[in-house]
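Q: Take this structure first; my questions come after.
Every read-out reported here was derived from the displayed coordinates using simple, explicitly stated rules and does not represent laboratory data. In this text, all values refer to a predicted model and were calculated from it rather than measured experimentally. Glycine gets a Cβ as well: all are built from the backbone with ideal geometry, and neighbour counts include every protein chain shown.
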Amino acid sequence: MDPLRWLKNKIIAPTGVDYGYFLRHGSATLLQNAGALAFAIAASILLIAKLPVAVYGNYAYIMALIGICGACTLSGMNTAVAQAAACGREKALDIAVRIQTRWCAALSLPFGAYALYLYDTGVDGSFIGALVIAGGAFLITTTLSPASAFLFGKKEFKRLAFYGIAFNGMTLILLAIVTSRTDSLIAVMCAYGFSSVSSALYLYIRARALYARKIINTPEKDDGSLFRFSGHLSIINAFSILAEHADKIILFHFLGPVQLAIYSIASHIMDAGKAAIRSVISVSLPKLSMTAMTDIRRGMMGRVIWGMGAGIIVCVAYWIIIPPMIKGIFPEYRPAIAYAQLLGISFIFIIPITHIAYVFHSQKMMVMLYVNGILPNMMRILCYMGAAAYWGIEGIVISRIVLYAFTLCVNSISIFAEKNGQRPISRNGS
């Protein structure tokens with residue numbers, strides 16, 4: 001008996017996964033995210049080595065605040081653009097950037113008012129300056145971000161991987177130059193802001209140049225469908241964004257910047273790995289958008305079990321790697337080792353959760369998106385508040401693991417309970 005044929009016919013085939021597709025397209029995305037992970041580690045080493053602990057804690061707090069602001073943006077626009085581009089809507093990029101420009105311009109008003117409020121209450125000027133720079137860069141980058149989603153929907157994975165690695169390298173060089181001369185938080189935010197804005201602008205220019213003929217020659221008017229779909233996704237994403245950054249905001253409030261810095265080290269590498277896994281799985285979105293739900297359901301439980309098995313392997317490797325990494329790179333943050341290892345258990349649940357989430361997005365299963373986007377994240381925020389107040393970092397870490405397991409249970413039940421999405425998505429993305 002041929003063991004390879006047995007593995008293919010008995011183990012791989014029942015899951016219904018096109019592994020050839022993932023090898024062709026996922027490898028470029030994996031390379032991009034490996035570069036992003038290396039950049040995240042290198043940037044953390046650089047900032048921790050050059051910045052005082054309190055300054056790094058303030059930096060982490062500002063980045064969490066900016067992340068929270070993402071809940072007020074049209075955060076679902078990029079997913080809607082990628083899905084529309086995959087279905088042949090060439091005007092999606094122009095429509096999305098036009099909508100984002102208006103939305104972010106409106107958001108700049110309350111953001112500026114908040115900065116003035118902080119100034120009036122006597123908050124340190126350097127903190128306010130860093131916050132304003134980071135916020136302005138965030139709004140501009142958000143406005144131009146549909147370009148990368150459009151290229152993603154067009155399966156330009158290799159191009160995006162090359163650009164991503166190049167932009168991360170540029171950011172790291174800028175940070176190295178800045179931190180070698182000063183430990184100013186404003187200077188660090190200027191480096192990040194310049195890099196993020198310039199990379200987003202370049203991607204937009206390249207996307208328009210690559211598909212200019214198709215965009216110009218496509219007689220499509222804005223029927224509001226892109227805004228409506230992205231609006232639904234943005235409402236759902238708002239809860240996810242709040243939950244994603246609430247742990248850092250709550251820890252800063254209860255325990256201060258030093259403990260937040262320790263938690264940030266423990267969670268940063270795991271979060272980077274989680275983002276890499278999500279990006280690799282996300283290459284399935286264009287293909288899922290053109291597949292009927294009845295076909296997707298076949299082998300779904302097998303894919304969930306495979307995902308958990310792969311997560312166990314990643315978790316074990318993570319447990320082995322983390323202690324020497326933190327001891328060697330971040331010796332001042334050795335208390336973070338135990339927290340980081342505990343958080344590694346989350347990898348067991350992340351792969352199947354992400355796959356099911358992309359199924360919901362690709363089929364526009366709005367009821368399931370709302371249920372699975374709001375319920376688990378509301379529970380995360382409430383658990384974080386209670387856990388941080390009574391158990392500190394340990395409570396936050398355990399809450400994250402338990403809630404990942406809960407989310408997987410809800411998603412797994414939902415994928416078979418939902419009766420909609422029985423047909424392939426049409427070419428116009430409706």
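Q: Count charges around Y263 for me, please; just the other residues with Cβ under 13 Å from its Cβ, Lys/Arg as +1, Asp/Glu as -1. Write out the running numbers ahead of the final one.
A: Values: positive: K248, R400; negative: D247, D271, E394.
Cβ neighbours under 13 Å give a net charge of -1.
Q: Once a ≥ b ≥ c are taken as the square roots of the eigenvalues of the Cα gyration tensor of region 34-132, is the result rounded (a/c under 1.5), prolate (a/b larger than b/c) or oblate (a/b not larger than b/c)?
A: Values: a/c = 3.91, a/b = 1.40, b/c = 2.79.
Because a/c hits 1.5 or more and a/b fails to exceed b/c, region 34-132 counts as oblate.
Q: Can you give me the three principal axis dimensions of region 3-417 from its C-alpha atoms, in Å, biggest first?
A: Sorted largest first, the three principal extents are 59, 51, 37 Å.
Q: Sticking with this structure for a sec: Relative contact order (percent) for region 3-417, with alpha-carbon contacts under 8 angstrom and 6 or more residues of separation?
A: Numbers: 509 pairs, mean separation 102.8, N = 415.
Rounded, it is 25 percent for region 3-417.
Q: Let me ask another. By the gyration tensor of its Cα atoms, with a ≥ b ≥ c the square roots of the eigenvalues, what is the shape of region 102-212: rounded for a/c under 1.5, prolate for a/b over b/c, or oblate?
A: Details: a/c = 4.04, a/b = 1.50, b/c = 2.69.
Note, shape of region 102-212 comes out oblate.
Q: Could you work out how far the C-alpha centroid of region 101-118 sits from that of region 137-182, in angstrom?
A: Here the two parts' Cα centres lie 24 Å apart.
Q: When Lys and Arg each count +1 and Asp and Glu each count -1, what net charge do the other residues less than 13 Å away from Y318, Cβ to Cβ, add up to?
A: On the way: positive: K274; negative: D271.
Net of charged neighbours comes to 0.
Q: Residues with beta-carbon under 13 Å from that of A64, excluding A64: net charge, scoring Lys, Arg +1 and Asp, Glu -1?
A: On the way: positive: K248; negative: E244, D247, D271.
That works out to -2.
Q: Also, I was wondering about something else. Please tell me which of these pairs span more than 24 angstrom C-alpha to C-alpha: K154/K248; K91/K364; K50/K274; K50/K248; K248/K364? Don't skip to the answer; put the middle values down first.
A: Working: K154/K248 35 Å; K91/K364 20 Å; K50/K274 27 Å; K50/K248 22 Å; K248/K364 32 Å.
Over 24 Å apart, Cα to Cα: K154/K248; K50/K274; K248/K364.
Q: Applying the Karplus parametrisation 6.51 cos²θ - 1.76 cosθ + 1.60 with θ = phi - 60° to the phi angles of region 131-137, what ³J(HN,Hα) value in whole Hz is obtained for each residue in order, glycine and proline being reported as x?
A: 5, 5, 4, 5, x, x, 5
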